[in-house]
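> Have a look at the structure that comes next, please.
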Amino acid sequence: MEKRSLNLLIKQEALRLQFDGCGISKAERLEQEEPHLFYWLNHHYYAEMDYMAKNLEKRVDPTKLMKGAKSVICLLSNYKPAQWQSSHIPQIASFAYGRDYHIVLKEQLYKLKAFIDSQVTSSMRLFVDTAPILERAWAAKAGLGWIGKSNLLISPKFGPYTFISVILTNLELETDNPMEPQCGSCLNCVKACPTGALNAPFSLDARRCISYQTIEKKGPCTQNPSPYIFGCEICLRACPYGANTPYTTLFPPLPGLLQVTANEWKEMLPDIFSQRFSKSPLHRAGLQKIKNTIAYLRLV
């Protein structure tokens, strides 16, 4: 099948499956992004996330992650909610309002894989934030947005509220052109960060990041995460590209999640937490971590 025809079919099917964007780039070493990654690692900005310092060759070269890879297919999924939490209760980053995005997007990816398999014989590997691959860099190379000063991918249509899924394939597909960055002189995200984790444009010190403090950090918070108890999106909400973007229907909030108070979190039993949130991103931090953060903030 001719490259252009296959590209069009893949992108049409991706949109039919409720992905919000699809772009393709050549599988090759990320030579421009590699120095930035090593600078970040050498300054220990990865905090306790030691896995970020492993598999470096695979992170910068997808052909080391999948032998024979020729193309990187990137899929974009909007997660901006139609409704936000009330400001008077402990805040949860909106990416965690609904079902675990790993589960939802993997289901979509397998459907897209099945479609591609029905059109042409190929090898593929599917990833949703679970492998040593620089998703944001690949999405930018595939023309789905640009890397903002917050270090997030900024989509002109969806702002910073996007999940990125990746398919590595041995198919040699027609590639898309990257976008020119459009942040200009804006520093809203950097100025909005309350802990100084965004210590400069395009530089993130995870040790000070509220999202890291409330999810990944094993011990108690050492930075004030207020008003968040899971994740953080202060820099996202400061981004003008996210202000008037459409909301998603793919990740509806879990029942009652937007109304849970500090007292309810404090009194919640482990089995109730598991019943309600076993298929939620909240499960990654766990109930005790959430309770410890609430205690740190002295909300109850």
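The values are calculated or read from the model by the stated rules, or taken from the named source; none is laboratory data. Just so you know, these numbers come straight off a predicted model, no measurement behind them. Using ideal geometry, Cβ is built from the backbone for each residue, glycine included, and neighbour counts are taken over all protein chains shown.
> Give the number of residues within segment 1-14 that are surrounded by fewer than 18 Cβ atoms within 10 Å (Cβ to Cβ) and either under 19 Å from the mean Cα position of the chain (by Cα) or in a loop (DSSP other than H, G, I, E, B) (or both).
The qualifying residues number 2.
> Got a number for residues in segment 57-77 being in contact (Cβ under 8 Å) with a residue 24 or more places away in the chain and either over 18 Å from the mean Cα position of the chain (by Cα) or in a helix (DSSP H, G or I) (or both)?
Adding up the residues that qualify gives 12.
> Just the residues that are assigned to a loop (DSSP other than H, G, I, E, B) and over 20 Å from Cys193 (Cβ atoms), please, taken from segment 146-165.
Pro156, Lys157, Phe158, listed by residue number.
> Restricting attention to segment 1-44, which residues are within 17 Å of Glu174 (Cβ to Cβ) and at pLDDT below 95?
Once the filter is applied, which keeps residues that are within 17 Å of Glu174 (Cβ to Cβ) and at pLDDT below 95, segment 1-44 yields Met1, Glu2, Lys3, Arg4, Ser5, Leu6, Asn7, Leu8.
> Still on this structure: Taking the residues in segment 25-44 that are among the charged types (D, E, K, R) and under 21 Å from the mean Cα position of the chain (by Cα) as candidates, determine which candidate is farthest from Leu56 (Cα to Cα).
The extreme case among them is Glu33.
> If you go through segment 188-202, how many residues are outside any helix (DSSP H, G or I), in contact with a Cys (Cβ under 7 Å, 6 or more places away or on another chain) and touching a residue at least 40 places away in the same chain (Cβ under 8 Å)?
2
> Now, a different point. Any idea which residue in segment 211-226 is nearest to the chain's Cα centre (by Cα), counting only those that are surrounded by 16 or more Cβ atoms within 10 Å (Cβ to Cβ), part of a loop (DSSP other than H, G, I, E, B) and in contact (Cβ under 8 Å) with a residue 40 or more places away in the chain?
The selected residue is Lys217.
> For the condition among the hydrophobic types (A, V, I, L, M, F, W, C) and either more than 15 Å from the chain's Cα centre (by Cα) or in a loop (DSSP other than H, G, I, E, B) (or both), what is the one hit in Leu258, Leu236?
Result: Leu258 is the single residue among Leu258, Leu236 that is among the hydrophobic types (A, V, I, L, M, F, W, C) and either more than 15 Å from the chain's Cα centre (by Cα) or in a loop (DSSP other than H, G, I, E, B) (or both).
> Restrict the check to segment 173-181 and report whether at least one residue is under 19 Å from Asn78 (Cα atoms) and either buried (at least 18 other Cβ atoms within 10 Å of the Cβ) or not basic (Lys, Arg) (or both).
Checked against the condition, which is being under 19 Å from Asn78 (Cα atoms) and either buried (at least 18 other Cβ atoms within 10 Å of the Cβ) or not basic (Lys, Arg) (or both), segment 173-181 yields at least one hit.
> A follow-up question, please. I'm trying to understand the selection: among the residues of segment 86-98, which are modelled with pLDDT of 95 or more and surrounded by fewer than 19 Cβ atoms within 10 Å (Cβ to Cβ)?
Ile89
> Applying the selection to segment 24-43, what residues are in contact with a helix residue (DSSP H, G or I) (Cβ under 7 Å, 6 or more places away or on another chain) and not in a helix (DSSP H, G or I)?
Once the filter is applied, which keeps residues that are in contact with a helix residue (DSSP H, G or I) (Cβ under 7 Å, 6 or more places away or on another chain) and not in a helix (DSSP H, G or I), segment 24-43 yields Ile24, Ser25, Ala27, Arg29, Leu30, Glu33.
> Also, I was wondering about something else. Which numbered condition in (1) small (Gly, Ala, Ser); (2) under 27 Å from Gln213 (Cβ atoms); (3) without any contact (Cβ under 8 Å) to a residue 24 or more places away in the chain is the only one that Gly184 fails?
Result: Gly184 fails condition (2) only.
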